[in-house]
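Enquirer: Starting off with a structure, shown below.
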Amino acid sequence: MGRLWLYQQKAIKLKCHGRGAKSSFRLGLGRLRAILLNLDSRFDDFLQVTRFLSCT
């Protein structure tokens, strides 16, 4: 569930200076927030995220 996976899900717009419009931290935080706000329907995603974060 790393940065590459998030980029594959939705293309990130690049700004004029060549950097992404959102940082990888912001993308991950947004994904985690979406999972936590919909925990009933996204419990499998929650387990996957916690497994990934426990390895870091």
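We did not get these values from a lab; they are worked out from the coordinates using the rules stated. Worth saying up front: this structure is predicted, and the values here are computed from it rather than measured. Cβ placement follows ideal geometry from the backbone for every residue including glycine, while neighbour counts extend to all protein chains displayed.
Enquirer: Could you give each residue of the stretch 38-55 its phi-based ³J(HN,Hα) in whole Hz, using Karplus coefficients 6.51, -1.76, 1.60 with θ = phi - 60°, and x for Gly or Pro?
Expert: Running phi through 6.51 cos²θ - 1.76 cosθ + 1.60 with θ = phi - 60° gives 10, 4, 4, 8, 10, 5, 4, 5, 4, 5, 5, 5, 5, 5, 5, 5, 6, 8 Hz.
Enquirer: Now a separate question. How do 51, 42 rank when sorted from fewest to most other Cβ atoms within 10 Å of their own Cβ?
Expert: 51, 42
Enquirer: While we're looking at this one, here's another question. How far apart, in nanometres, would the label points at residue 44 and residue 32 be if each is projected 7 angstrom from Cα along the Cα-to-Cβ direction?
Expert: The modelled label-to-label distance comes out at 2.3 nm.
Enquirer: May I pose another question? Using θ = phi - 60° and the Karplus relation 6.51 cos²θ - 1.76 cosθ + 1.60, list the HN-Hα couplings for the stretch 29-34 in order, rounded to whole Hz, with x at every Gly or Pro.
Expert: Values per residue, Gly and Pro as x: 5, x, 5, 4, 4, 4 Hz.
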